[in-house]
Structures are given as structure tokens and as C-alpha cells.
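Engineer: Could you have a look at this structure, given as C-alpha cells, before my questions?
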There are 4 protein chains.
Amino acid sequence: MDSIGVAVIGGGMAGRAHAAAYRMASTVYGGDLPPIRLVAIADLDAELAADVARRYGYSRSESDWRTIAEAPDVDAVSVVVSNALHREIVEALLSAGKHVLCEKPLADTLENAQAMLAAANRSPHVAAVGFTFRRAPAIAAIAEYVAKGGIGRPFHASARYWCDYAVSSAAPMSWRFSGPIGSGALADLGSHLIDALEQALGDITAVRGAFCSTVITERRLPQGRVRGHEFAELSDKTARVENEDFAHFTALFGSQTSGVFSVSRVATGLPNTLAFEIFGEEGAVAFDFTRPGEFWITSSTPADPDARWQRVIVGPRHPYVDRGLPMDAAGVHYGQNDLFAWQARAFLEQISGRSTLPPVPDFRTGLHNMHVIDAIAHSAHRAGSEVSVVGI
Amino acid sequence: MDSIGVAVIGGGMAGRAHAAAYRMASTVYGGDLPPIRLVAIADLDAELAADVARRYGYSRSESDWRTIAEAPDVDAVSVVVSNALHREIVEALLSAGKHVLCEKPLADTLENAQAMLAAANRSPHVAAVGFTFRRAPAIAAIAEYVAKGGIGRPFHASARYWCDYAVSSAAPMSWRFSGPIGSGALADLGSHLIDALEQALGDITAVRGAFCSTVITERRLPQGRVRGHEFAELSDKTARVENEDFAHFTALFGSQTSGVFSVSRVATGLPNTLAFEIFGEEGAVAFDFTRPGEFWITSSTPADPDARWQRVIVGPRHPYVDRGLPMDAAGVHYGQNDLFAWQARAFLEQISGRSTLPPVPDFRTGLHNMHVIDAIAHSAHRAGSEVSVVGI
Amino acid sequence: MDSIGVAVIGGGMAGRAHAAAYRMASTVYGGDLPPIRLVAIADLDAELAADVARRYGYSRSESDWRTIAEAPDVDAVSVVVSNALHREIVEALLSAGKHVLCEKPLADTLENAQAMLAAANRSPHVAAVGFTFRRAPAIAAIAEYVAKGGIGRPFHASARYWCDYAVSSAAPMSWRFSGPIGSGALADLGSHLIDALEQALGDITAVRGAFCSTVITERRLPQGRVRGHEFAELSDKTARVENEDFAHFTALFGSQTSGVFSVSRVATGLPNTLAFEIFGEEGAVAFDFTRPGEFWITSSTPADPDARWQRVIVGPRHPYVDRGLPMDAAGVHYGQNDLFAWQARAFLEQISGRSTLPPVPDFRTGLHNMHVIDAIAHSAHRAGSEVSVVGI
Amino acid sequence: MDSIGVAVIGGGMAGRAHAAAYRMASTVYGGDLPPIRLVAIADLDAELAADVARRYGYSRSESDWRTIAEAPDVDAVSVVVSNALHREIVEALLSAGKHVLCEKPLADTLENAQAMLAAANRSPHVAAVGFTFRRAPAIAAIAEYVAKGGIGRPFHASARYWCDYAVSSAAPMSWRFSGPIGSGALADLGSHLIDALEQALGDITAVRGAFCSTVITERRLPQGRVRGHEFAELSDKTARVENEDFAHFTALFGSQTSGVFSVSRVATGLPNTLAFEIFGEEGAVAFDFTRPGEFWITSSTPADPDARWQRVIVGPRHPYVDRGLPMDAAGVHYGQNDLFAWQARAFLEQISGRSTLPPVPDFRTGLHNMHVIDAIAHSAHRAGSEVSVVGI
């Protein structure tokens, strides 16, 4: 492949993160990627698409995603639109011979996700789903530390992803608030949290004790289009919020390890907090994304008996940092947008047959993630009974 | 009552906390308590009993608790021995006309706890159970803040009590490791955590999703007597650990509010950490006992839109501090032992018909606490199904 | 000595801390102290004296300190009154054959402090000055850690004692606001901070760069007596604040190690914060009294190269904790009042010829502390020039 | 100007930050910049120059900076080389009609800095110096908050920039360790810290109490070229370290406000920590770059009297964030590299006559910064006496 032409469908906040990521992908790590051509941004909102294309240096913008599927100069496409549109777009892109990076969650329903996996299996192209948090250097470092035995046999975990974007009744109704239990905070935030914990502890095999709750049951419709979580002029009409504002559950990782999970979009005062602790026989680890530049480790048999938790400053010893940033020293910090750059780099490496970075997870992983959320929803419907996660 | 003669049964670490507390009780708050006579300390270990009596200024020591029940100069007794002995001792004390302050949990079994409640109901004397954490100024302040609407309608909570006293295989077998599921970390630590959260959110009505696990399944027997959590010379004999090293569950506070709980005695690196966060429609609160001199509040409608979590320094504005310490200014700090002093003061006030402080909870509360733990154990046995907490 | 009769002159907040401390002194550590008799509390405010005596179990109260000096049943006396009264009272007590524990700073002026040292040198009795922070377990543990080479050769330190009791213009005029530069925040707070850092780094030999500032230059007089830092009804009359609200300086510990110091009574938002960091060739340490139950250490050659700062939880491995509290496990916490108990114990041990604990510092140390403050004041007067600390 | 051709002289870590920044500059904020042409990277190390050019998409690389000065397609140049080379290169660039962005400190000596200011004054082009920390959203937000009266009249500050890159004796000798007092930690780190504090408090007018110390007095020379702070194979030869490893001083901001400063490159355990607190009559602020996504504010008259320090999460309400990142929500985080992007954007705006962002400071500011450091060095030489900062 002489070069890779890329496009992004969806010009919202996450779409911009993908657009910027492709622009940065060739600046990080080694120099062996083929040239990346920034071809097109598509969005129903033509003005938005044009603005994003201009800002990030894409050659053109489109208001219909189908033009992307049909474009001969596009090889790889990020799909960053509302979940209910994933299947149609992804299937069309794969049929058209594109490599696809679909935002999480993989789809709006299990049926659609399964169909997408089938389509991916039929395609020779890369079909990947975006779980960016697994590329947070601190989370990746923790996963490595646990894998190499740093905490010994894992015992128990506590995990939470708390945001407050929905706590205000002034947050307008949007597609995020529609759909069955599981499509709310769990799909938006829980999907990330589940994937992050599975990096360290392996697959969740069952869940129990799920409790899902909608605490703001009606929201006013916006007068116009809403971009991302932004507030908008509200109309007088209201609509019912169908899915969960928060969810609690206990996850089982095999027969011995378990974790309590709390996922919320109504966690007042916390705009964006993914955090967890994992305890094991010989040590423990902890992370909080409000302070992404550090994580914590402890050992049950410290050389110094005084020593308790140790604050580790993220730096080039940890995954992704060395050559992953222009200045890549300890303590210079990274942000959530950098995670997208590293993900884009991994996706482009896969397309071009290289493998410096861990690959972007495939649709099987995306479907598994949805099965976990489905099990949570079922457990909630059954008053907390244990529900096994369906294998794939 | 011209004076109150007090005694403590049990000379271990918690027993010493009670012994010291009676000595301090008259130094805190107003001057209207009758004189407190420090009469006796009882422990099977006569040498220990004598040492504790001498240190805290008690007139005598005993090696048989029955002498306390029979002593005419003793009016009020703390029972601070292993849970399986609570019923026999407490019933004898109540029959002998003593006021009783029994350490948590109320008993080893529901049957014994129910019998103790019946005995208490037959007695005209104070029969109370010790939940000291509810007197932590920060926890009490949070309970007041929530009660007065500081966070609006409560949404969700996350709570944990993590200790590491059992993570080492060198911790010897003791009575703490025997008994059915529920008698391990849940009885020792969960009892406190449940009571603390109920201060702010009201009674737990049901639990679901419980997962209890014993991760160190055998322990070596000590060669001699073990005092508290101290290490001891180990013998070659081992015994099976029967009860849970950690427990996870989801608690329901009525129909809308729920919390995830994690309780562990194998949480490497954390000697003694009771912590929680509670989110509501108009604000949130947080506390971590590793930093008892502060708690955190936030509001969903701050005067300054920038303002997020606010760190509140505990001081005389908060419960128990003003005149509860010799120096009682903000930032001078208190410890867990002070909680026992305030509890002892409350108990003595109840005996003498005064009521400056919130009373020590009665056996009904102690039984309720055990019913919650029983529901957790049942939920764990039933693979996480929801189990209602039995009303009393 | 068959027993020790103790008295406290001064019934304010710090006086109460001394009164409570004598009551606790025999409950901590070993049992070899002679019996302690709680004899008398003296205060000009007779009502206050009576209340303190009653609360802490002292036999009588007095409104004239001279009755304490003359009392044959008093052997040891704490002097906890305004600094300008220290000399007269201490000299009289020593002449009367009492052991004396004088609150810091030793005196209001260097002349008076020198006279007090001369009086102490003439007396066979214990003459000690109270620097309680050196008994904070975390500070004492840090001093031991540095002394045993934990950080190698010390390089530089940063230290601050920040309070906010004077930031409000509603804080009434009192004796704390009168006197020359050095008698304000430096005498009240700086004295503690200097002593605490000297525990780890040895004596300050010179200071430079001092800057002292009075930022609230007038205060209203109270209508009545003011107790401690409490607010009071204000009259219409004002008086000029003479001494420093805050002070900055650079201290030299010998020729190679230096530290920056900031001392303030107008540090908005911080009721009581003594904190410092010390860096050396092979490690570093840090402490903040807002979180007294923890301190931090790091090593330049950690076993794990990732490991940076380690959070150490204070427990029985550290000074003062083991048997210094009823429950004395890691993470149970202590407060500032406990420091007074340990100081009282050390003082009583010295009187009775025992030496379990580090002794209470003598008047020479108290005078040295004042010489450091005097050097700071001189440096401030000379636009920051270096001023050597006068040797004793 | 139809387009702007940019080049970077210096391919080290900071040079790469500039190279990446120009690439990002057109992606942030509005769309009104002329097209940016990424023309050339120059470095003596031709291989390094080529690698940087390739990674960041620059058209060519050079091993001699003079080719940049002579290149007709280059309009704007970043100078990111050792300080002693700044003058010659900058003068040549200005003479050649280039716009110049010179890294801090402006020069190695005051004489050279003055000459550079004179050259800038003779040139119609933009001559700017890079102080990136002033563009940290948290620092800029604090400056705005103080400027609008958020803390009332400023009282006192405490500031530190602590790194540990020089604490290991294995760090090889380099140009950073040569030169007079002031050219060590002060030039490298203190320059940033001074500029950051001046954003909030205005210009430093005098310093006193300076203490500068070299604690590792000899270092081994590397066998080859050293890039940045990286370790290298050491030779057997050693050279003397001439400049300061750490420095302490008291800074005066006008007649009433002062701050203590600590600057160190031997602060074990802290790779990169710029932090400060500022207290005033009506509030206070605090920041620590180890946690760049948050800052802290407090008020002396809070709406809730309990409320003490408030943790503010950086987000689009604060400077630079809104449209300064692809995802620009609260809590998504930024890193030190983003500060360079925003600086590059400001520089390019100035060149093209726009002014969305605060301009990059001019050489006058760069010279002032050096005068402050010069005053510190003089104060250290004069045993801490006060030295006024020379006006420009």
C-alpha cells in the first residue's frame, strides 16, 4: 500500500478526536507508516463537516456518509455517529472494501452487533472498535503490572466511571437518553470501564446484583440540533428518558475474583472520572483518570515495611509515552485526545501490516463488551440474579 | 443516681478503647454527669486485665466476667469480647441489673441477637450496641448535611471498608476466621460501613448481587493466646478459614437509591480505610477515614460555576468537636479513640437521664445491622438474587 | 518521689490541652510512673478555672497563680499564659521548688528568656519548654529516617505553617497582635515550624532574606475578655497591630543545606497547616499536618524504578503510637491533643527520673528558638541580609 | 501574507515540541490563519533533523542553521538550542527578515540579551520568547481570577519548580551544568516559575535572601552527544559543575506582597513539578503541575462557612481549552505539549496580524526575566541582601 486515505464520519466532539488523531498518527513512534492522506470528513451538518475538515487539514467534507463509502481515494474510515447508525454504515463501508474503526459501543442492539461481526468475518479488511482508555499509559502500565504478577493472585476490584453531563435538567433530550436499559450510562461509560478492567483481570464471565435507575425521567427537547453534550435552547416539549442514568453491579472475573462497578452520568461534581482499585495477594494497584499522569501501586511484602502506596509518575518507562509525544519525559502529561492518536496509529499499522502497538480490538471484542452490558441489563430485570455473559 | 460505677469486660485493643473512654467521658462537653467511678476491668488473661486496670485507673481487675455481673458497685458495663460470648454475658448483666454497652456486631448468630433483644426489652436498663463510626465528626456532619437537603434527592452511593490485617498468611488463625459466611469481614468491618451509610441514607431495605470469597483458606494456629490482630508465634497446625475475606454487594435504600459496597480484610496496603461517596440531585458528599479531619461536598448549582468539590476541614462547627476535645479548634484533629470517648459519654448520659449527645443505638439497631448482613449472606448463597432485609 | 502533684496555670484552649494531658499521662506506655495527683487549675477568670478543673478532675481551682507557687501539694506546673507573663511566673515557680513546663515561645523578649535560662540553671528542678509538634509521630518518624541516612546528604527544604485565624477583620485585637516584629506569626507559629525542621536537619545557623508584613493594620478591641482565637463582641475602639501577620525567610542549616520558610496567620482557607518537604542526595520526605496520619518518603534508588513517592500510614512502627493510644493500630489516628499527652508523660518521666520518651526540651532550646526568630526579625530590618543565629 | 513558512532550529525534545506545535496550530481555535507551510528542521545532528522533519511533516531538514536564515521560503523560526547560541542565531534571523520565537531564557548573559532586545527593536518582525507555562489553562485561569479580584489584595505566595533530572550522578555533564550562578536551575526552571507567578502578581521588583548551592560538584563527560536529559554512556573524564543545582529566594512584588521560591534540579522523586499557592485578603489559589487538570480556590467569605478549598476541574470555561483541543470537555486533560501548540498559534496570529490569543511575550519580557535571575544571583553573592530588579 503506497498510502492510506482516511475519512471520518461524524463531526462531533469524538469525531474531531478521530480527525485529529489521523493527523497526528504519523508523528508518533517509528517512521515506517505509509503516507497518510487526510481525505474527508462527513456529517449531516454540512457546515460542521466543513469546519472540521478545514481545521484538521482534510481535503474535503461531505454531508452524506455514502459518498465516503463510494470514494475510491478513501481506504480507512472512522465511524463516530449515534449507535443506531453503526450497523448500516459499517456494513456499507466493509462491503465497499474499506477498513473500519467504529466507535464504542459496537452497536445499539445485540442483533445489530452480531450482524456487524458477521460482516467483519466476511471481510478481508480491518474491522475494529474503539476502546481508547486501554491506551491510557497508566491503565496499560497497570495491565502489564498485573499480568507480570505484580499483585499476585487478584482478589477484588472496585471500579467507577462517573460523569455529570446528565445531572442538570437543562441538559436537553437526545439520542443518548433513548433505548432500553443498557443503552444509557452503561453503553456510554460502562463500556469503557468494563474494557479497562478486563485489560488487567481478563474477561468478565458473569454479573450479579445489577441495579439500574433513571432518576431524571423527563427531559425537554432542544429547539435545534444538539452537538455532543452541549446545552441548547430548550423547547416546551418533553420526552421520556428511557435508559439508565446510573447502574451498579458486581462482576465476576472467573470463579474467584470479583469487582463492584458503579457507572453514572448524574454524578454531580465529576465531569469525567474513570477510576479503579485492584487488590491481590501480593499487592494492589489504583488509578483515577482525574489525575491521568499518575497511578499507584503497593506490595504486601515491601522491602521497607513502612512503605505503603507508591505514587508512580507516568513517563517514558510506561506504554505509549516514549516517542508517543513530542516531549516525552516523565511528568509532561497527556490528555484523552492523545489516546485517540495512539489508537489511530495502531489502526493504520494494522492496515499496513505493521505491529508496533497493540492492535485495535476487533468486533468480537466489541460484541463481548455488549454481551456484558446485556447481562447487566438482564440481571437488573431479574432483581440482581446472576447472569452469565454469553460467549462468542 | 449519685454516681455511676463502670466496668469493661475484655482487655484487648477495643476493650482498652472502652476503658479509656469512660475515663475521658466526664472531661468532654458540659459538667452535668454524675461522678464516674472506674471500677473494674475483666479479662480471662489476668495479667492483661491488671495492666489495663492500672493504666486507665480502674480500681480492680478480674479474670472472670461473672464477678462483674455480681459486683454491687458496678452500674454499667462494656462487653468487648468475641462475638460468640456476647449473649451469655449480656443476658447475665441485664439480669443483674446492669446497663450494657455491647460491641458490634450484636451477636454471632441471628438467634442469639434476637434473644438479646428480648432480654433488653424485658430490662428497664440501657442496652446499647457500639457503632462508633457514626460519631466521627465528618460522618455525622455528612449525615446532617444530607438530612437537611444538602444533596437533594439521593441517587447513588459507593462505599468501602478496606483493611489488610488478614492479607498476610502469617496472621494466625483466630475466632475471627471461624463461623458462617457473614461472620468474617462483613461482621467485623461491614457492620460499621452499613451503619455509617445508613446514617445518611436511611435503612437498607434489600441487597442484591452479593459475592463473598475466602481467598486464604487455611491459617496456622498460634502457639499461645493472640491479642487483637497482633502476630504471634505460629504452630505447625493449621485450621480452615470458614468465613469471608471480602464481600461485595449492592444495597437498596428504598426503591430509588442504591449503593455498591466492598468490604475486605485482605486489601493490601490499607490498614484501616472506611470511605464512601454519595451523589444526589443537587450535590454530593465524600469521606475517607484515612483523612478523618476532612470531608468533601459539592453542589450541582454552585454560586461559582467553576467550583467543584470543596474540602471541608473538620472543626467546632461540626458534631462532637466543640468541647469534645481539650483543644477543639479546626484542624487540630481527632482519632478513632475519641469516637469511643464520645460514645461512652452518650451511654453515661442515657443512664443518668441526660441527652446532650445522640443516644447509643439500641439492640433493635444491632439486630437490624445483623439482618442486613444476613441478607447479604443469603444473596451470596443464591448467586446474587435480591434478598429483602427482614424488618423488626 | 511517692507521687507528683500537678497544676496548670492558664485555662485557655492550650491550658486545657495541658490539663487533659496530665490526666492521660499515666494511661500511656509502661506503668512505672508514680501516681499523678491532679491538684489545681489557675486562671484570672475564676469561672473558667473552675470549669476546667471540674472537667479534667483537678481537685481545686485558683484565680491567682501565686497560690500555685505557694501550694505545698504541687510539684510540677505548666505555664500556659500570654508570653509576657512567662518570666515572672516561671521564676517564682522555680524559686518555690516546682518543676516547670512553659509553653512556647519561652518568653516575650530575649532578655526575659535569658533571665529564665539563668533561673533554670540555678534550679535543680526540671525547666522545660513545650514544643509539641516534635512529638507528632510522623514528624518524629521523619527525623529518625533522616538521622539514619534515609535521604542521604540533605539538600534543601521547604516549610510552611499557615493558619487563617487572623485573616478576618472581625478577629478582635488581643495580646497576640502587640509587640515587636517577631512576636506575631513567628512567635506563635514559626516557633513550632523552626523546631520541627530542626528535628530533622539540626540547628539553624543563619537566616537571610526575611520579609515580615502586617497586612491588617488595625483591629477593633473586644468588649470583654477574649478566650483563645474565639470571636467576641467588638467595641468601637481600634488598636494598631504591631507585629507580623506573615513572614518569609531562608534558613541555613550549616553551610550546605537551606530551606525556604513561610509562616502566616492570614492564610485564607487553612485553619492549621504545618507542612514541609526535605530533599537529599538519596531520597526525600514530606509531611502535612492537615493529614497527620500519613507521611511520604521517596528514594533516589528505589527497588522498583517506577516507584516515586510512598505514602506511609502512621502506626505502631512509628514513634509514640505503640501503647501511646488505647487502640494503637495503624490507621486509627491521633490528634494534636495526643501530642500534649505524650509531652506531659515525658515531663513527668523526667521529674521521676525515668526516660522512656525523649525528654522535653530545656530552656536552652527555648532560648535558641527565640534567637532564630530574633535573627529573622533582624534580617527583615536589614532588607534581607544574612544574620547569624546567636549561639548559647 | 498568503502563507507562513515555518522552521525550527534544534531537534531535541523541546525542538520537537515546537515542530509539533506548528503542525497543530491551524487545528485549534478559529479558521482564520493563513496556510502554514512546514518547511524545515535544522540540527547539527543531521540524522536527528531528518527524523524530526519526517515525523512532523516538514519538507526538508538541515544540519546548518544558516541555511534556515537564508531560505526564502521560511518566514518564521523557532530557536530551540543551547542558550549560548541564541544571540548569534536570533540576530542573523532578524537581519534576514524572519519572525523569531526564541526559547527561554532569552540568552546566556545579560549582555547578549540586551543586544538581542536592541536587534528586536530595530526589526519590524515579531521577536518573541517562549514562556509556555503561562498558557497552562489552570495558570491562566488563576491569573484571571486574581486579576478580577478573586482573592482581594494579595498577601503572600509560595512557589516551587522541582525536577530531579540532575540528582543522579549518572546524569552526564552537559552545557546545562556550565556557566555562572543563575545559569543552572534558575535559568532552566526558575525562569518558568518567575514568569508564571508574575502572571498573577505582576512584576517582581526586588529579591532577597537568595541561596544557591551546587551539591553535585563533578560530573562525568558523556562519550558521545547527549540529547536532552537522556542518560548516555559516560567516559572516564569529569568536569566541574559550575552553576546552581538549587536556589532559594524571597521575591517582592511591589512593597506589600512577597513570595518564597524554591527551584531545584535535584528534587528526588519529582520529575517535573511546578507548583504554587497565593493567599490574599479575600481568598487564595493553588496549583500543582503534577495534576494539571485541576486547580484550587478558596474564599475568606464563602457562601457556605464550611467550605474551604475548592477543587476546580479544568474545562472549556477556562483559557485555551474551548476549541484548543479536539475533544474540549471538562476533565479530558491536556499535556505540556499542548501549551506549545497554543504558543505557536499565538505567534502565528501575531505574524499574520490577528489576536485571538494573548501574544507571545517580547524580548523585553525575556530580558526582564533574566534581570530577575541576575538579581537572585547578586543577592546570593551578597549573603542574601536585597537586590532590586533592574528596570528596562
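Engineer: What's the local net charge at C:His86, with K and R +1, D and E -1, over the other residues with C-beta under 11 Å away?
Structural biologist: Value of the local net charge: -2.
Engineer: In debye, nearest 20, what is the charge dipole magnitude of segment B:4-132 about its Cα centre with +1 on Lys and Arg Cβ and -1 on Asp and Glu Cβ, if you could check?
Structural biologist: About 340 debye.
Engineer: Mind jotting down the three principal axis lengths of segment D:1-53 based on Cα atoms? Whole angstrom, largest first.
Structural biologist: Here the Cα extents, ordered largest to smallest, are 36, 19, 13 Å.
Engineer: Nearest-to-axis residue of chain C, judged by Cβ, for the C-to-D rotation, with distance in whole Å?
Structural biologist: For the rotation taking chain C to chain D, the closest Cβ gives C:Gly209, 0.
Engineer: Another question, if that's okay. Roughly how big is the protein assembly as shown's charge dipole about its Cα centre, with Cβ charges of +1 (Lys, Arg) and -1 (Asp, Glu), in debye to the nearest 20?
Structural biologist: 0 debye
Engineer: Here is a follow-up. Of all trypsin sites (Lys or Arg not before Pro) in segment C:123-164, which ones are in loop regions per DSSP and have a Cβ with at most 16 other Cβ atoms within 10 Å?
Structural biologist: C:Lys148
Engineer: Okay, moving on. Which far-off residues, 5 or more places away or on another chain, put their amide H under 5 Å from the one on C:Gly324, with H placed in the peptide plane?
Structural biologist: Here C:Tyr29 satisfy the definition.
Engineer: Treating the beta-carbon of each Lys and Arg as +1 and of each Asp and Glu as -1, no other charges, what is the dipole magnitude of segment D:113-212 about its Cα centre, to the nearest 20 debye?
Structural biologist: Dipole about the Cα centre, nearest 20: 140 debye.
Engineer: Which distances, shortest first and in nm, link C:Thr67 to the matching position in the other copies, using label points set 7 Å out along Cα to C-beta?
Structural biologist: Relative to the other copies, C:Thr67 has label-point distances of 4.1, 9.7, 9.8 nm.
Engineer: How big is the antiparallel share of DSSP beta bridges in chain D, given as a percent to the nearest 5?
Structural biologist: Expressed as a percentage, antiparallel bridges in chain D total about 60.
Engineer: Further question: For D:Phe363, B:Phe276, which order do you get if you count the other beta carbons within 10 Å of each Cβ and list the fewest first?
Structural biologist: With the sparsest Cβ surroundings first, the list reads B:Phe276, D:Phe363.
Engineer: Just to confirm a number: summing +1 for Lys and Arg and -1 for Asp and Glu over residues other than D:Leu110 whose beta-carbon lies under 13 angstrom from that of D:Leu110, what do you get?
Structural biologist: -2
Engineer: Still on this structure, please answer the following. Which of C:Tyr161, B:Tyr56 comes first, and how do the rest follow, when ranked by fewest Cβ neighbours within 10 Å?
Structural biologist: Going from least to most buried by this count: B:Tyr56, C:Tyr161.
Engineer: If you don't mind, there's one more thing I want to ask. Got the relative contact order for chain D handy, in percent, Cα pairs under 8 Å and 6 or more residues apart?
Structural biologist: 20 percent
Engineer: Relative contact order for segment D:11-137 using alpha-carbon pairs under 8 Å, separation at least 6, rounded to a whole percent?
Structural biologist: 18 percent
Engineer: Near the amide H of A:Ala206, under 5 Å away, which other amide H atoms are found, from residues 5 or more places off or on another chain, if H is placed in the peptide plane?
Structural biologist: Placed amide hydrogens put A:Leu252, A:Gly254, A:Val389 under 5 Å from A:Ala206.
Engineer: Give me the base-10 log of I(q)/I(0) for the protein assembly as shown at each q in 0.04, 0.05, 0.06, 0.09 Å⁻¹, Debye formula, one uniform scatterer per Cα, rounded to two decimals.
Structural biologist: Scattering profile of the protein assembly as shown, log10 relative to I(0): -0.27, -0.43, -0.62, -1.36.
Engineer: Over segment C:4-132, how many percent of alpha carbon pairs lie in each 10 Å bin up to the one with the longest distance?
Structural biologist: Reading upward from the zero bin: 14, 47, 32, 6, 0.
Engineer: So, one more: For A:Gly97, what charge total do you get from the other residues with a beta carbon under 11 Å from its beta carbon, if Lys and Arg give +1 and Asp and Glu give -1?
Structural biologist: Here the charged neighbours net out to -1.
Engineer: Now, a different point. Under the convention of a label 7 Å out along Cα→Cβ, give the distances in nm from D:Gly30 to the same position in every other copy, shortest first.
Structural biologist: The answer, with the shortest distance listed first, is 4.5, 6.9, 8.0 nm.
Engineer: How many nanometers, to one decimal and shortest first, lie between the label point of A:Gly224 and those of its other copies, if labels sit 7 Å from Cα toward Cβ?
Structural biologist: 5.8, 6.5, 8.2
Engineer: Here's something else I'd like to know. So for B:Lys98, C:Lys237, fewest C-beta neighbours within 10 Å to most, what's the order?
Structural biologist: C:Lys237, B:Lys98
Engineer: Okay, next question. Putting +1 on Lys and Arg Cβ atoms and -1 on Asp and Glu Cβ atoms, find which of A:Val8, A:Leu106, A:Thr27 reaches farthest to the positive end of the dipole of segment A:4-132.
Structural biologist: A:Thr27
Engineer: Across the Cα atoms of chain B, what radius of gyration and what greatest pairwise Cα-Cα distance (Dmax) are found, in Å?
Structural biologist: For chain B, the Cα-based Rg and Dmax read 20.8, 65 Å.
Engineer: I've got another one for you. Name the residues whose placed amide hydrogens come within less than 5 Å of the amide hydrogen of D:Arg60, ignoring near sequence neighbours (fewer than 5 apart) on the same chain.
Structural biologist: The list, which skips near neighbours in sequence, is D:Ala40, D:Ile41.
Engineer: Per DSSP H run of at least 4 residues, take -39500 (n - 2.57); add these up for the protein assembly as shown, divide by its residues and hand me the 222 nm value, nearest 500 deg cm²/dmol.
Structural biologist: Counting only the DSSP helices, I get -9000 deg cm²/dmol.
Read the figures in this text as sums done on the coordinates, not as results from a lab. Because the structure is predicted, anything quoted here is derived from the model rather than measured. All Cβ positions, even for glycine, are placed from backbone atoms using ideal geometry, and neighbour counts span all protein chains on display.
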